[in-house]
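Report on the structure given below.
The values are calculated or read from the model by the stated rules, or taken from the named source; none is laboratory data. What you are looking at is a predicted structure, and each value in this text was computed from that prediction instead of being measured. In this analysis, Cβ positions are derived from the backbone assuming ideal geometry, glycine residues included, and neighbour counts consider all displayed protein chains.
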Amino acid sequence: KILIVTRTFGKYSQEPVEFLRKEGFEIIRSDTIDPDILKEVDALIVGTHPVTAEMVENSSLKIIAKHGVGVDNIDLEAATKKGIPVTITAGANSLSVAELTIAFIFALSRGLVWAHNKLFLERRWEGTVGQEVSGKTLGVVGFGSIGREVVKKAVCLGMNVLVYDPYVSKDSVRLLEATPVDDLEQLLKESDFVSLHVPLNESTKNMIGERELSLMKKSAFLINTSRGELVDEEALVKALKEGRIAGAALDVFSEEPPDANSPLFECPNLITTAHIGAHTKEAIFRMNMMAAQSIVDFFKG
Ligand code: NAD
């Protein structure tokens, strides 16, 4: 029996559902995790719903398949203690998140959202003066699956790309025609756009705070499509309001959805989307299939 707690499973194609049924699995679907149901099922496919230590300890789960790659919502320690493997859909959504990042770069550099709102909502014929991205410097923090796709695309756009990731070889960065840097500080100081592609953990939490924002150029933009807690939102609001950086784009927030009265929504130089990085038909299909396959592989040994 598999409990599926992600609304997009089977949304654009029944193939992943049929695949699991054909392999002999019974599927239970829910929007939340009922601890009682966890005592009846063998596997869990989960998106961003929290999976706490208590849930894991009192479950009959044998495997947890994350529908995505960020496992910060799952208590890995509890799962490990119980010998429950946690799988991820590595790479399945990398292209989609990278494409959204590039879309943000263009939207910020040309003031697209502002320009659209002026004409479409206010019927005012006002031009914006933007800037070309070609020749600008992009700082990529985290050279994993998504970071690499962003680098490839940015290089094709004629951007100079700096990469900060202490856990990868410098040669692997140079291979993609980007420049590795030894510290985050240098990347922040030299970049026109800074984009975050690291996982959330104790060492990355609030990695962009007041000090880091103050190191960025006044004309620079910050993009976060990873996890909200990587950025100190209070410090970001201050930096945006005081014009200490030119603007930012956020797909993720420390609280999701963010409070309707959040001061973030008072910043005219901020673009926001509702954690849609992986929401393309293609990425959803790949995540569905990979999560289903990992469960089948596990039970088939
Ligand atoms: P990944 O594991 O392939 O890559 C992460 C990279 O970050 C690794 O290369 C690692 O060495 C590097 N890293 C870790 N700590 C670092 C640090 N302190 N400084 C610099 N680099 C560091 O992960 P990925 O598939 O590229 O995904 C990255 C993150 O994007 C995920 O953890 C997830 O939180 C987020 N994400 C968001 C969405 C969305 O919908 N917006 C979708 C998918 C993933």
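For the residues Leu157, Leu230, the requirement of being more than 11 Å from the ligand (Cβ to nearest atom), closer than 26 Å to Ala92 by Cβ, under 23 Å from the mean Cα position of the chain (by Cα) and at pLDDT 95 or above singles out Leu157. Figure legend. Inter-residue proximity from segment 51-66: first residues polar (S, T, N, Q), second residues in a loop (DSSP other than H, G, I, E, B), beta-carbon distance below 7 Å, spacing 6+ or different chains. Indicated pairs: Thr52/Asp75; Asn58/Lys39; Ser59/Lys39; Ser60/Lys39; Ser60/Glu40; Ser60/Val41; Ser60/Asp42.
Per-residue answers, yes or no, for (1) part of a helix (DSSP H, G or I); (2) over 26 Å from the mean Cα position of the chain (by Cα):
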residue	(1), (2)
Ile28	no, yes
Thr48	no, no
Val56	yes, no
Ser60	no, yes
Ala65	no, no
Ala79	yes, no
Gly83	no, yes
Thr89	no, no
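Selection within segment 162-207: residues that are of a type in the set (Ser, Thr, Tyr) and part of a loop (DSSP other than H, G, I, E, B). The member of this set that is nearest to Gly70 (Cα to Cα) is Thr204. Given the condition among the hydroxyl-bearing types (Ser, Thr, Tyr), farther than 23 Å from Gly130 by Cβ, buried (at least 22 other Cβ atoms within 10 Å of the Cβ) and within 11 Å of the ligand (Cβ to nearest atom), answer yes or no: does some residue in segment 161-180 qualify? Yes, segment 161-180 contains at least one residue that is among the hydroxyl-bearing types (Ser, Thr, Tyr), farther than 23 Å from Gly130 by Cβ, buried (at least 22 other Cβ atoms within 10 Å of the Cβ) and within 11 Å of the ligand (Cβ to nearest atom).
Please go through segment 233-276 and pick out each residue that is among the aromatic types (Phe, Trp, Tyr) and either out of contact with any helix residue (DSSP H, G or I) (no Cβ under 8 Å at 6 or more places or on another chain) or at pLDDT below 95 (or both). Within segment 233-276, Phe265 is the sole residue that qualifies.
Residues in segment 208-225 that are farther than 19 Å from Val71 by Cβ and not in a strand (DSSP E or B): Gly209, Glu210, Arg211, Glu212, Leu213, Ser214, Leu215, Met216, Lys217, Lys218, Ser219, Ala220. Please verify whether Lys189 is away from the ligand (no atom under 11 Å from the Cβ), in contact with a Pro (Cβ under 8 Å, 6 or more places away or on another chain) and either modelled with pLDDT of 95 or more or farther than 15 Å from Ser219 by Cβ (or both), treating the condition exactly as stated. No; evaluated as a whole, the condition is false for this residue.
Give me a count of the residues in segment 199-227 that are of a type in the set (S, T, N, Q) and within 10 Å of the ligand (Cβ to nearest atom).
Looking only at that region, the number is 6.
Among the residues making up segment 55-107, those that are of a type in the set (D, E, K, R) and surrounded by fewer than 19 Cβ atoms within 10 Å (Cβ to Cβ) are Glu57, Lys62, Asp72, Glu77, Lys81, Lys82, Glu99. Summed over segment 235-281, the residues that are of a type outside the set (A, V, I, L, M) and either surrounded by 13 or more Cβ atoms within 10 Å (Cβ to Cβ) or touching a strand residue (DSSP E or B) at 6+ places or on another chain (Cβ under 6 Å) (or both) give a count of 19.
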